[in-house]
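For reference, the structure is listed below as structure tokens.
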């Protein structure tokens, strides 16, 4: 039985990785045509991407929008998570459902609603329009992650801080936020990736002036069949893996540092 389970897991893993296993070799083919398997190995696709001003401009646009979305969504989502976890007020369940709605409503509906609203506000084709729309989509992820972190937080540490005379705001800034920082960092990364990878809202709102990387990739795939797409997709994949690996390493390093600091303190006592 264990053998069949192992075989099933391997087959499932190969099925999930199949697109990646095809994509990476395609990125090493000729820049004139995307083919699998590639007849010749070269880095022409990568050179064509890095020497293309429109592609680089789209990357920079996506980075600016993603970073702004990360800041806004993390700030608003963290405050909302505090209110939903710590607060007791009438309509709390309804408010929670309202804040979580963008997570469950189809993205196409959110895109249509955002287009109708932002067209009146003259935000179509602007970075601010995309930032606001992406913040709406990213906030639920931040709320879910930070809320889970807060529910596992030992509130006796806050009580001890207040007993020693610290004000509530100082307790939050000096005790609560540093201890839930891993959850906030994870939420911020999710918010950034939601914005950076988003395509449906970008199709409706970006227009022709503010073209994000996913939007340009969509246009290239639909109208041009750009041969550098496999290389661009590979770079996005590797960057995503690097970001999350770095975040995981930083969290483990922070945990080891806290454990090392707690050890000498415990010995002094």
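Each reported figure results from applying straightforward, stated rules to the coordinates on display, with no laboratory input. Please read all numbers here as calculations on a predicted model, not as lab measurements. Note that each Cβ is placed from the backbone with ideal geometry, even for glycine, and that neighbours are counted across all protein chains shown.
Computed quantities for the displayed model
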{"quantity": "FRET efficiency estimate (nearest 0.05) - Cβ-Cβ, residue 93 to residue 185, R0 35 angstrom", "calculated": "0.80"}
{"quantity": "Relative contact order, percent, the chain [alpha-carbon distance under 8 Å, six or more residues apart]", "calculated": "28 percent"}
{"quantity": "Cα-based Rg of the stretch 53-212 normalised by 2.2 N^0.38 Å, two decimals", "calculated": "1.19"}
{"quantity": "Chain lengthening between residue 103 and residue 9 when straightened (0.36 nm per residue, less Cα-Cα)", "calculated": "30.9 nm"}
{"quantity": "Inter-centroid distance (Cα atoms) of the stretch 1-65 relative to the stretch 117-194, Å", "calculated": "33 Å"}
{"quantity": "The stretch 51-98: projected area of the alpha-carbon convex hull, averaged over directions, in nm²", "calculated": "4.3 nm²"}
{"quantity": "Extension gain (nm, one decimal) between residue 113 and residue 169, 0.36 nm per residue minus Cα-Cα", "calculated": "16.4 nm"}
{"quantity": "Tail fraction, Cα-Cα pairs, the stretch 33-76, threshold 12 Å, whole percent", "calculated": "71 percent"}
{"quantity": "Burial ranking of peptide ranges 144-150, 18-24 (average Cβ count within 10 Å, highest at the top)", "calculated": "144-150, 18-24"}
{"quantity": "Tensor-based shape of the stretch 1-134 (alpha-carbon gyration tensor, a/c under 1.5 rounded, otherwise prolate or oblate)", "calculated": "oblate"}
{"quantity": "Kirkwood Rh, Cα atoms: Rg over Rh of the stretch 101-181", "calculated": "1.22"}
{"quantity": "For the stretch 84-174: relative contact order, % (alpha-carbon pairs under 8 angstrom, 6 or more apart)", "calculated": "31 percent"}
{"quantity": "Estimated 222 nm signal from helices in the chain, with DSSP H stretches of n ≥ 4 weighted -39500 (n - 2.57), rounded to 500", "calculated": "-25000 deg cm²/dmol"}
{"quantity": "Rounded to whole Å, sorted largest first: equivalent-ellipsoid semi-axes of the stretch 1-61, Cα gyration tensor", "calculated": "35, 16, 7"}
{"quantity": "Spin-label model distance (nm) - residue 156 vs residue 63, 7 Å beyond Cα toward Cβ", "calculated": "4.7 nm"}
{"quantity": "0 to 90° range, to nearest 10: angle between helix 181-197 axis and the chain longest Cα axis", "calculated": "20 degrees"}
{"quantity": "Rg and Dmax [Cα atoms of the chain; Å; Rg one decimal, Dmax integer]", "calculated": "23.0, 72"}
{"quantity": "R0 of 35 Å, Cβ-Cβ distance residue 249-residue 22: FRET efficiency to nearest 0.05", "calculated": "0.75"}
